[in-house]
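Read the structure below first, then the notes.
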Amino acid sequence: MPTKNMYDFTTPIDRAHTGSIKVDMAPEPIKGSGLVPLTIADQEFAVAPEIRAAIKKAADHGIYGYTYADEEYRSAVDAWMLRRHSWNTANWTMFPTPGVVAALGLAVRAFTDIDDGIIIQPPVYPPFASAIKNNNRQLIENPLIYKNGRYEMDFDDLEKKASRKDVKMIILCSPHNPVGRVWMYEELQRLGDICKRNDVFILCDEIHNDLILPGNRHTVFANIPGMEDNCMICTAVSKTFSLAGLCCSNIFVKNSEAAQRFKATIRRESLDHIPYFSRAATIAAYNEAEGWLDELLNVVQGNFELLYDYLDRELPMLHAIRTEGTYLAWLDMRGLGLNDDELEALMLKNYLALDEGFIFGSGGSGFERWNLALPRQLLEAALHRLKNAVDTAEKKC
């Protein structure tokens with residue numbers, strides 16, 4: 001018999017009129033329709049009750065002053081990384097920041113100069129490119145290779161671009177958003193060797209590191225021997241525990257010189273504290289909510305299986321990449337023969353708000369990203385709308 005969940009992952013929650021970017025800023029005709037957009041990567045599940053209780057207790061205290069990452073906070077983070085990822089962070093300098101996106105910009109300014117080249121691996125999370133362009137650095141693309149329904153790194157191209165004198169950094173997405181790859185140890189080691197040999201600093205975004213689906217194993221980049229002094233690791237409770245609105249991430253640097261440079265940049269921009277409620281939420285998440293995460297992963301895996309089975313049965317012209325990590329599905333919609341504008345219009349006409357593939361850069365055209373961190377019945381409804389959209393498109397052909 002299946003194990004009964006201790007937590008509620010089935011009850012939809014109305015987020016309208018809460019200032020939600022996903023819901024209250026949804027495109028027409030989704031806005032106000034009561035339909036859940038499958039866009040921005042925050043969850044449609046209630047936060048773990050252990051975390052809610054901790055936040056309520058913090059609220060009852062009555063004073064919400066300036067807050068820092070004290071010993072209790074640091075102990076909770078260190079214990080989680082060691083227990084969940086076999087990563088001993090005790091000797092790493094930790095910097096709380098108002099999110100990983102903020103940390104990207106801070107790192108770009110701390111470790112590179114204007115006009116320096118920074119490598120990304122598209123299709124990839126759009127703020128990577130923005131952090132580079134908005135800080136007047138050169139965007140250097142090392143596109144992933146899409147082969148037989150799976151993505152791989154192009155190491156020959158990476159070697160060529162990393163060897164350029166003006167290239168100083170790579171931003172690595174691990175696990176990868178949106179293509180869902182959980183990079184293998186050997187892949188990360190090879191990337192690390194190339195970058196270290198060419199004096200290219202590795203900014204590793206591991207914000208999805210807890211969201212690993214069955215049969216896959218995440219390797220913390222810092223656990224690869226010899227790489228500790230040439231990387232910065234970005235982590236957060238936000239994706240894992242549905243806490244994105246609390247704006248708190250934990251960034252780790254081992255190299256003392258790099259840590260001083262990053263610290264100076266944070267202080268220069270007055271970002272050396274954490275939101276009051278983020279402290280309580282992070283401690284509770286890492287100390288008390290691990291069971292909630294384990295159930296979440298089972299629910300997300302079930303949603304992926306529903307998606308795969310539905311497409312195979314009803315929409316074989318579409319293809320979902322087999323996701324290894326994250327709760328984000330990456331769908332190849334090119335079988336419909338539509339350009340990006342036509343594809344977006346078709347989805348919206350059928351009440352589907354998705355993240356369009358082209359926003360993820362090179363290789364994203366013709367794809368759509370689906371957020372599957374939502375109750376199963378909402379995903380079922382969205383899949384029926386997708387079938388109606390495809391049927392409509394086919395009738396016009």
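Some observations on this one:
- FRET E, pair residue 156, residue 305, Förster distance 35 Å, beta-carbon r, rounded to 0.05: 0.50
- Charge dipole of segment 62-288 about the Cα centre (unit charges at C-beta), most positive-ward option of 194, 265, 146: 146
- Average Cα contact separation per residue, the chain, under 8 Å, 6 or more apart, as relative contact order %: 24 percent
- Working ranking of peptides 251-262, 92-103 by packing, defined as the average number of other Cβ atoms within 10 Å per residue, highest first, is 92-103, 251-262.
- Size estimate for the chain follows the Kirkwood approach: the inverse of mean 1/r over distinct Cα pairs works out to 21.9 Å.
- For the pair residue 342 and residue 40, the difference between a 0.36 nm per residue extended length and the Cα-Cα distance amounts to 106.6 nm.
- Cβ-based net charge around residue 332, under 13 Å, with every Lys or Arg adding one and every Asp or Glu removing one: +4
- Computing FRET efficiency as 1/(1 + (r/R0)^6) for residue 59 and residue 6, where r is the C-beta to C-beta distance and R0 is 30 Å, gives about 0.75.
- Potential extension, residue 388-residue 164 segment - 0.36 nm per residue separation minus Cα distance: 75.7 nm
- Phi-derived couplings, Karplus 6.51 cos²θ - 1.76 cosθ + 1.60 at θ = phi - 60°, listed residue by residue for segment 355-368: 8, 5, x, 5, 6, 8, x, 3, x, x, 4, x, 10, 9 Hz, with x used for Gly and Pro.
- Each Cα pair under 8 Å and six or more residues apart adds its separation to the average, and for segment 62-288 the resulting relative contact order is 29 percent.
- Orientation-averaged projected area, Cα convex hull of segment 62-288 (nm²): 12.5 nm²
- Per-residue HN-Hα couplings for segment 130-143 [Karplus 6.51, -1.76, 1.60; θ = phi - 60°; Hz; x = Gly/Pro]: 5, 4, 6, 5, 5, 10, 6, 9, 7, 8, 10, 9, 10, x
- Inter-probe distance in nm under a simple model that places probes 7 Å from Cα toward Cβ, at residue 21 and residue 257: 3.5 nm
- Cβ-placed point charges (K, R +1; D, E -1), dipole of the chain about Cα centre in debye, nearest 20: 360 debye
- Ranked list, fewest to most other Cβ atoms within 10 Å of each Cβ, for 17, 85: 17, 85
- For segment 319-340 versus segment 208-266, the gap between their alpha-carbon centres in whole angstrom: 27 Å
- Size of electric dipole in segment 1-87: Cβ of Lys, Arg +1 and of Asp, Glu -1, about Cα centre, debye, nearest 20: 200 debye
- Ranking 13, 114, 338 by Cα position along the charge dipole of the chain, where only Lys, Arg, Asp and Glu carry charges on their C-beta atoms, puts 114 farthest toward the positive end.
- FRET efficiency, residue 376 to residue 187 (Cβ-Cβ, R0 22 Å, nearest 0.05): 0.10
- As a proxy for reagent exposure, 340, 115 were ordered by neighbouring Cβ count within 10 angstrom, fewest first; the result is 115, 340.
- Of the residues 367, 301, 321, the one whose Cα sits farthest toward the positive end of the charge dipole of segment 297-397, with +1 on the Cβ of Lys and Arg and -1 on the Cβ of Asp and Glu, is 301.
- Under 27 Å from residue 168, Cα to Cα: lysines that are on another chain or at least 8 residues apart: 133, 160, 196, 254, 263
- By average C-beta atoms within 10 angstrom, highest first, the peptides 279-286, 209-216: 279-286, 209-216
- Virtual paramagnetic centre 7 Å along Cα→Cβ of residue 113, amide N under 14 Å, in segment 120-163: 137-138
- Extended-chain gain in nm, criterion 0.36 nm per residue less alpha-carbon gap, residue 294 and residue 365: 22.2 nm
- Look at 78, 391 and count the other Cβ atoms within 10 Å of each Cβ; fewest to most, that gives 391, 78.
- Charged-residue dipole, Cβ positions (Lys, Arg, Asp, Glu), segment 62-288 about Cα centre, Debye nearest 20: 200 debye
- In order through segment 375-381: 3J(HN,Hα) via Karplus (6.51 cos²θ - 1.76 cosθ + 1.60), integer Hz, x for Gly, Pro: x, 4, 5, 6, 5, 4, 4
- Taking the centroid of alpha carbons for each part, segment 168-191 and segment 22-74 are 28 Å apart.
Every number here is computed from the coordinates shown, using simple stated rules; none is lab data. Predicted model only: the values in this text are computed from it and were never measured. All Cβ positions, even for glycine, are placed from backbone atoms using ideal geometry, and neighbour counts span all protein chains on display.
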